[in-house]
Amino acid sequence: MACSGSSILLFFVFLFLHPSLLLSLPVQDSFLQCLSQNSELSFPFSTILYTPKNSSYTTILQSSAQNPRFTTPSLPKPEFIFTPLQESHIQAAVICSKQLGIHLRVLSGGHDYEGLSYVSEIEKPFIVVNLANLRSISVDIDDSSAWVEVGATNGELYYRIAEKSKTHGFPAGLCTTIGIGGHITGGAYGYLMRKYGLAADNVIDARIVDVHGRVLDRKAMGKDLFWAIRGGGGGSFGIITAWKVKLVPVPSTVTVFQITKTLEQGAIKILNRWQQVADKLNEDLFIRVTLQLAGAGNGGKKTVSTTYISLFLGDAKRLLRVMQDSFPELGLTRQDCIETSWINSVLFVAGYSNDTTPEFLLERKNIYKGYFKAKSDYAKEPIPETILEGLWERLLEEERPNIALTPYGGMMSKISENQTPFPHRKGTLFMIRYMTSWDHPSKNDAKHLDWIRNVYEYMKPYVQPRTAYVNYRDLDLGMNKKTNTSFKEASVWGTKYFKDNFRRLGLVKTKVDPDNFFRHEQSIPPLPFSMRN
């Protein structure tokens, strides 16, 4: 016998008056009922919630997770994936997760290096709030600004800026498929950083759903929370829904180049010279170096190559003068230089083929998806040449190693360590990212992990005091314990990411989320009562 409309209405009224009964329902049913109660407009929420019984569940999970190492069958999976279409859906999700005691993870692009946006190994059950549908971008060239929702990618933002202007850009990351939401929360660096700083340094407003389900802009959230979300890492203070960013001027013609040197071509000597000059170069010039294995060398053996990838904010003629004055050892020629637009330089430094058009940035395709592990360091002094030689030997032991050296200096040295939570500023010569990747899960996973940990240990004496980049998340540095998180224990990894800013982040956390609702393995914990004065 079918239920009448009045019977259904009475059922919902009864649930509203007795919310504890929601807890006795299956978790997704309780969540759906609660969403309906906490939404002003009627909406079929079941159409944007995916459980393991849904045929789209696995596709959505795997397409969102950019490191498949964390989607293997043995790892925990979310009870369901919630894919909100608008800000009010996120508000309701926070209210209901809190009311029902459901642990949530928040995903914008799924690029977290340790998979913390889509897997929880310390707390189960959990759900994932996937923000990929929030992708609106509004560019205002007259104001040199843009509002961008957090599910949009770097590439989509770059494309929409270039669509409106050939002389504006934005200093975010070189990987074009990263979700802008989580990216900026960690600082977000790219090829414009020596000229304009980080993406987080160029945020002028934001919208965040707090632990009470309220939407706050910069004015409403206050200066402390606005400070914390621009570099303090994602998943600690609330759910960012949109950023307002300041666009930066770029010339209509920029110049890029890529030059590779192998060991046999004097790579170590040239890299040693790069260390001396990279942070002191003209701030219009950015030269990043990657170290990896090359094909046949002498006798068909593997060798190590260094690839210098550069963006210069100017034409080739001026670039050649700058290089001749400051880094002639690289041997740059006019034939190496490609004059192009800023939007095409985005494609070049991201490693796409020369025939790739800017429209590709709208496809959100990650062509580099694979199993990987990474770590990071900041070099305050040049690495001794003999140590570089030892590093070369270790690279030859691994199947697919990659070490990236990112130059600092320029604007990065002019911004104080505490202007945002991102503290790696003056005195940093370059950042080191160690990475190893492989194609399939196998019994050899441990071998790859051991390799990168051994390299990291080998470098320890030459990168003191040791620090790390929060967007290159590394759980080897330490982890929180479920809800009973120790601020003192968290300081072991927290001070590596944030230096002295970690305590201020703890103060902000204590103020805005004292019960630690927003949490994960390396979220900012609230301060203990003894430290709250």
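The values are calculated or read from the model by the stated rules, or taken from the named source; none is laboratory data. Being a predicted model, the structure only gives us computed values, none of them experimental. Cβ coordinates were reconstructed from backbone atoms using ideal geometry, including for glycine residues, and neighbour counts include every protein chain displayed. What goes into the accessible areas is simple: the full protein's heavy atoms, side chains included, and nothing from ligands, DNA or RNA. Shrake-Rupley method; radii C 1.70, N 1.55, O 1.52, S 1.80 Å.
Placing +1 on the Cβ of every Lys and Arg and -1 on the Cβ of every Asp and Glu, with nothing else charged, gives the chain a dipole about its Cα centre of roughly 800 debye. Protein heavy-atom surface of the chain, 1.4 angstrom probe: 52% of the accessible area is carbon and sulfur, with nucleic acids and ligands not counted. Relative to one another, the C-alpha centroids of region 479-528 and region 403-431 are positioned 23 Å apart. Under the classification rounded if a/c is under 1.5, otherwise prolate if a/b is larger than b/c and oblate if not, where does region 236-344 fall, given a ≥ b ≥ c as square roots of the Cα gyration tensor eigenvalues? Cα axes put region 236-344 in the oblate bin. Per residue, the accessible area of the chain comes to 42 Å² when a 1.4 Å probe rolls over the protein heavy atoms. Site pair ASP476 and THR262 shows an inter-label distance of 2.9 nm when each label is modelled 7 Å from Cα along Cα→Cβ. Could you tell me which of rounded, prolate or oblate describes region 434-503, using a ≥ b ≥ c as the square roots of the eigenvalues of the alpha-carbon gyration tensor, with rounded for a/c under 1.5 and, failing that, prolate when a/b is larger than b/c and oblate otherwise? Cα axes put region 434-503 in the oblate bin. Note on exposure: TYR368, TYR191 ranked by accessible area (1.4 Å probe, complete protein assembly) read TYR368, TYR191, with the most exposed listed first. Put simply, when 422-431, 109-118, 453-462 are sorted by average Cβ atoms within 10 angstrom per residue, most first, you get 109-118, 422-431, 453-462. For region 395-525, the alpha carbon positions stretch 49, 39, 25 Å along the principal axes, listed from largest to smallest.
So what's the chain giving for Cα Rg divided by 2.2 N^0.38 Å, two decimals?
Details: Rg = 24.1 Å, N = 533, 2.2 N^0.38 = 23.9 Å.
It is 1.01.
Sorted into 5 angstrom bins from 0, the C-alpha pair distances of region 153-219 split as 4, 16, 23, 24, 17, 10, 5, 2, 0 percent. Axis of helix 154-164 versus longest Cα principal axis of the chain: the two differ by about 80°, to the nearest ten degrees.
Distance from the alpha carbon centroid of region 267-325 to that of region 432-465 works out to 23 angstrom.
Against the longest alpha carbon principal axis of the chain, how many degrees, from 0 to 90 and to the nearest 10, is the axis of helix 487-498 turned? Compared with the principal axis, the helix lies near 40 degrees. Computed from Cα positions, the angle between helix 87-100 and the longest principal axis of the chain comes to roughly 60 degrees. Each peptide among 398-409, 324-335 gets the average number of other Cβ atoms lying within 10 Å of its residues, and from highest to lowest they stand as 398-409, 324-335.
Hey, could you grab the Kirkwood Rh for region 37-183? Inverse mean 1/r over distinct alpha carbon pairs, Å, one decimal. Let's see the in-between values first.
On the way: mean 1/r = 0.0606 Å⁻¹.
That comes to 16.5 Å for region 37-183.
Distant-in-sequence amide contacts of THR241, defined by a placed amide H-H separation under 5 Å and a gap of 5 or more residues or a different chain, comprise ARG207, ILE208, VAL209. Binning the C-alpha pair distances of region 299-400 at 5 Å intervals from 0 yields a P(r) profile of 2, 8, 13, 14, 16, 17, 18, 10, 1, 0 %, listed from the shortest bin outward. Here region 107-201 is treated as a sphere whose radius is the Kirkwood value from Cα pairs; by Stokes-Einstein at 20 °C and 1.002 mPa s it diffuses with a coefficient of 152 µm²/s. Reported to the nearest whole Å, the Cα centre-to-centre distance from region 29-108 to region 142-191 is 26.
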